[in-house]
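Where a number appears in this text, it was derived from the coordinates with a stated rule and is not lab data. Computed from a prediction, not measured in an experiment: that's the story for all the values here. A quick note on method: Cβ atoms are made from the backbone with ideal geometry, for glycine too, and the neighbour counts reach across all protein chains shown.
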Amino acid sequence: MYYFRDFLEHMRIAIIDLGTNTFHLLIAEVSEKSHLILLKEKSVVKIGHGGISQGVITSGAFERALESIKYFKSKIDQFKVSRAYGTATSAFRNASNGEKLINRIKSIFEIELQIISGDLEARLIFKGVSQAVKPEKTRSLIMDIGGGSVEFIICNQNKLLWENSFEIGAQRLLDRYHKNDPITDLEISKIKHYLEKALSKLIAAVKIYEPQELIGSAGTFDTLIDIYFQHEKFHKEDQQTEFHLPFKEFKQIYHEIIIKNREQRMLIPGMIEMRVDMIVVATVLIQFILETCFLQKIRVSSYALKEGYLFSIMEDLRKQALITSK
C-alpha cells in the first residue's frame, strides 16, 4: 500500500528500449503531476546486423546485447531506480531466438523485457511524439524509422486516426538494396519500386485521411536536424523537443547524402557514425514518403518510443496510486 502512495511524492523508474540498431536507456524521476529526466543513454548494438534478413540474432549480436544491458544495469543501480521497464521491437519479434535473448537478460540481470507488437510500438511512439510537438489543426503523418521496422501514424491534433507497422526498416533496406557506395540510381529506383508495394496500406490510408505534414520521430530525423542546424549555425536548446526542417534544406541534405560514400558522409557536419550507414536508405525512404503523400511540411520530434512508454507507465502508476489511496 505504502509503495504506491509514495509514488504521489516521487519514484525513479528506468525505461529500456531495445531497438534493432540502437539500445536506449532513460531514467526519470516521476511524481503524480510531473517527471524529470535524469539520464538518457544509447548504445549502438546492431542487433539485426548479419542476421535480420534470416530471422536470427547472431552470436556476436547476443554478446553485444548482453554487454550493453550490463552497462545499463550499472546505471540503473547507480541511480537507485525503483522499477525498470523494457521493450524489444522488430529484430526480436522476427528472430527465432529473440525470446531466448530476452530470457538470458532476465536470468543474468533480473530485468524483464517485453517483446511488443508493431501496433503497440506505433501507439507508444504516438504517445511520445504527442508530448513533444505542439498540436495543429492539420492532420499529420508521424514516421519512425527503425532498423527493423518503420511505424506510421496518422493523427489529427492529439487523436490517433490510423496506425501501422511495416517490416521495412533501414537495416533491412540496407541489406537488400544498398550494395554500392555511393548508392546508385538503379538501387534507389529499386527501393522506391519495393516501397510502392510494401506500403500500399499506408498509401491507401493517406488517400482517405489526407495528412498535410510529416512528423519525424527521433533517430534518423534527429541527425537530419543536427546536419541542418550545423549548416545554418543554429543553436539547439537543451529542452527543445520540436524542430522544423524546411523542404529545401531536406532536399539539399538528401542529395548530399546519396552522392557521397561512407568516408565522405562522415565529414558532413552533424553526421554521427551510428547513422552514417543506414541514413542513406532512410533518407531515400523519407523522400519517397514526401513525394508519394504530397506532404507540405516537415516537423521533427525528439521524443519517440521510450518517452511514450515512460508516459504510459506513469499513467498506470497514477491509476494504481489512486486505487490504493482510497
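How much length would be gained if the chain were fully extended between Leu36 and Glu196, taking 0.36 nm per residue of separation minus their Cα-Cα distance, in nm to one decimal?
So the extension gain works out to 53.4 nm.
Once Lys and Arg get +1 and Asp and Glu get -1 on their Cβ, which of Phe243, Leu141, Pro182 lies farthest toward the positive end of the dipole of the range 119-305?
Leu141
Using only Cα atoms, find the angle between the long axis of helix 118-132 and the longest principal axis of the chain, and express it within 0 to 90 degrees, rounded to the nearest 10.
Value to nearest ten degrees: 80.
Taking springs between alpha-carbon atoms closer than 10 angstrom, which of Tyr71, Tyr228, Tyr85 fluctuates most in the Gaussian network model of the chain?
Of Tyr71, Tyr228, Tyr85, the most mobile in the Gaussian network model is Tyr71.
Would you mind checking the tilt of helix 220-232 against the longest principal axis of the Cα atoms of the chain, expressed as 0 to 90 degrees and rounded to 10?
Orientation of helix 220-232: about 70 degrees from the principal axis.
Please find, in a Gaussian network model of the chain (springs between Cα atoms separated by less than 10 Å), the residue of Lys75, Lys46, Lys179 whose mean-square fluctuation is greatest.
Lys179
Need the full-extension length gain, Glu110 to Gln296, defined as separation in residues times 0.36 nm minus the C-alpha distance. One decimal, nm.
Extending this stretch completely gives an extra 62.3 nm.
Expressed as an acute angle from 0 to 90° and rounded to the nearest 10, what is the orientation of the C-alpha long axis of helix 59-78 relative to the principal long axis of the chain?
Roughly 50 degrees, rounded to the nearest 10.
Charges at C-beta only: +1 for Lys and Arg, -1 for Asp and Glu. How large is the resulting dipole of the range 119-305 about its Cα centre, in Debye rounded to 20?
Computed about the Cα centre, the dipole is about 440 debye.
Quick check on the chain: helices-only [θ] at 222 nm, where DSSP H runs of length 4 and up contribute -39,500 (n - 2.57) each and the sum goes over total residues. Nearest 500, please.
The helix contribution divided over the chain gives -15000 deg cm²/dmol.
Going toward the positive end of the dipole of the range 119-305, with +1 on Lys and Arg Cβ and -1 on Asp and Glu Cβ, which of Leu214, His231, Trp162 do you reach last?
Trp162
How large is the dipole of the range 2-116 about the Cα centre if only Lys and Arg carry +1 and Asp and Glu carry -1, each at its Cβ, rounded to the nearest 20 debye?
About 180 debye.
Looking at the range 239-321, which chymotrypsin sites (Phe, Trp or Tyr not before Pro) are DSSP coil and have at most 12 other C-beta atoms within 10 Å of their C-beta?
Answer in residue order: Phe294.
What is the projected area of the convex hull of the Cα atoms of the chain, averaged over all directions, in nm²?
About 17.0 nm², averaged over all directions.
Taking every DSSP beta bridge that has both residues in the range 2-116, what percent is antiparallel when rounded to the nearest 5?
Within the range 2-116, antiparallel bridges account for around 70 percent of the total.
Give, rounded to the nearest 20 debye, the magnitude of the charge dipole that the range 243-326 has about its Cα centre when Lys and Arg contribute +1 at Cβ and Asp and Glu contribute -1 at Cβ.
260 debye
What residue among Ile52, Thr22, Asn94 has its Cα farthest toward the positive end of the dipole of the chain, where the charges are +1 on Lys, Arg and -1 on Asp, Glu, each on the Cβ?
Value: Asn94.
Could you identify which residue out of Ile108, Ile279, Ile258 has the top mean-square fluctuation in a GNM of the chain using Cα springs shorter than 10 Å?
Ile108
Post the alpha-carbon centroid distance, the range 173-187 to the range 284-317, in whole angstrom.
Going from one Cα centre to the other spans 25 Å.
Determine ³J(HN,Hα), in whole Hz, for all residues of the range 12-22 in sequence, where each value follows from phi through the Karplus function 6.51 cos²θ - 1.76 cosθ + 1.60 and θ = phi - 60°; x replaces Gly and Pro.
Coupling constants for the range 12-22: 9, 10, 10, 10, 10, 10, 9, x, 5, 9, 10 Hz.
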